[in-house]
1. Just to be sure I understand: of the beta bridges DSSP finds with both ends in the stretch 1-60, what percent are antiparallel, rounded to 5?
2. Whole number in Å², please: accessible area per residue of the chain, 1.4 Å probe, ligands, DNA and RNA not counted.
3. Taking Kirkwood radius over Cα pairs in Å as the quantity of interest, determine which of (i) 22.6; (ii) 20.9; (iii) 19.2 was computed from the displayed structure.
4. Can you give the direction-averaged projected area of the convex hull of the alpha-carbon atoms in the stretch 119-166, in nm²?
5. May I ask you to order 285-291, 105-111 by the average number of other C-beta atoms within 10 Å around their residues, highest value first?
6. Write out the cysteines belonging to the chain for which the nearest other cysteine Cβ is not under 4.7 Å, or none if no such cysteine exists.
7. Can you give the Rg to Rh ratio of the stretch 105-195, both from alpha-carbon atoms, with Rh computed by the Kirkwood formula?
8. Which value at 222 nm does the chain reach when only helices count, each DSSP H run of 4 or more adding -39,500 (n - 2.57), with the total divided by all residues and rounded to the nearest 500 deg cm²/dmol?
Amino acid sequence: MPSQSLSVAIPTFGRNSFLAECLDSIAFQSYRVEPVVCDGGSCFNFSDPKWCWIKYRSLVPDPGIVACWSEAANICQGEYLAFLADDNILESQYAESMLEFMNAHPTCEVVFCNQYVMDQTGQIDLEASHRMTERYGRHHLQNGILNDTDIYNLIKWNSIPLEACVIRRSVWEKYGPFSPQAFGAFDLHFFTSLLLKGVRFGFLPRYLMRFRVHSESYTVRQREQHLRGTIWALENAQTNDSAIRKILTKRLLSCYGQLLKLDVLPEERSLLSKKLSGSMDGLQVLAKTIVSCQLQKVKRQLSRRITIDE
């Protein structure tokens, strides 16, 4: 059993039933964990004696998810830090398994694992879980400390899940807090910065936490904001490694194309088109985006005609 302490930073905004499940999953860990909750305006009853073991701070008015998560992490006292949204949960062996990995690999500064996908009721979808692992390129990774080749793939596939990782507190003290300019893509900005600065990462290929997919999640409600945050994070990534720059540029061009598909102002549409026109890769993204937008327009017209005919 590991002897070090682990703290979990949790922001919450009023999803009471989900938060109760989240906190229960921490209480049921095989290893003692310190939960730190920053509340951006929920009505959760933290005065209930059941939750007396939780470190709690209210932040009103709500400063947003990025500030809440950073504040929670700053309050944490553990030698190691983990991060968990109020709608997700940990498997009972999460803390023990992740700290055992860190003890076995003393040069490792950040370790991450795989995630289960669950629905709103908490039911695990194994097929969706394996698709997520493949989508983020984690099926190519081996157990242990990751090498330089792995680092390129971590950046290419955005492989590191914030809520399935443990970091040494010294890493947070040196490189935190999260950047609010990145909006919901603050984790992308944080981990990309760590990778570019040579922080050592490790991977444990076990499924040790559950990620909930539901209609009220941030990425569903704030898709455009998340996309703009991703663009900011990629535009501000600094590196002299030409291979990494190529990976970042390709991802950035793809994001420009995705933003073009949304209802943006004509001035921004013109600027994005200009950015994409500056390279052959960008022109390819622009061409695919134009075709996709035209197809969507035709589908909407057909749908309206069918409705009228009926």
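1. That works out to approximately 0 percent antiparallel.
2. Accessible area per residue, the chain: 51 Å².
3. Computed from the coordinates, Kirkwood radius over Cα pairs in Å corresponds to (ii).
4. The Cα convex hull of the stretch 119-166, projected and averaged over all directions, gives 4.1 nm².
5. Details: 285-291: 15.6, 105-111: 17.3.
The densest-packed peptide leads the list: 105-111, 285-291.
6. 22, 43, 52, 76, 108, 113, 165, 255, 293 - these cysteines have no disulfide-compatible partner (Cβ-Cβ under 4.7 Å) in the chain.
7. Taking Rg over the Kirkwood Rh, I get 0.98.
8. So the helix-based figure for the chain works out to -15000 deg cm²/dmol.
The values are calculated or read from the model by the stated rules, or taken from the named source; none is laboratory data. All values derive from a computational prediction rather than experimental measurement. Because the Cβ atoms are built from the backbone with ideal geometry, glycine has one as well, and the counts that use them run over all protein chains shown. Note: accessible area is taken over every heavy atom of the protein model, side chains too, but ligands, DNA and RNA are not part of it. Shrake-Rupley method; radii C 1.70, N 1.55, O 1.52, S 1.80 Å.
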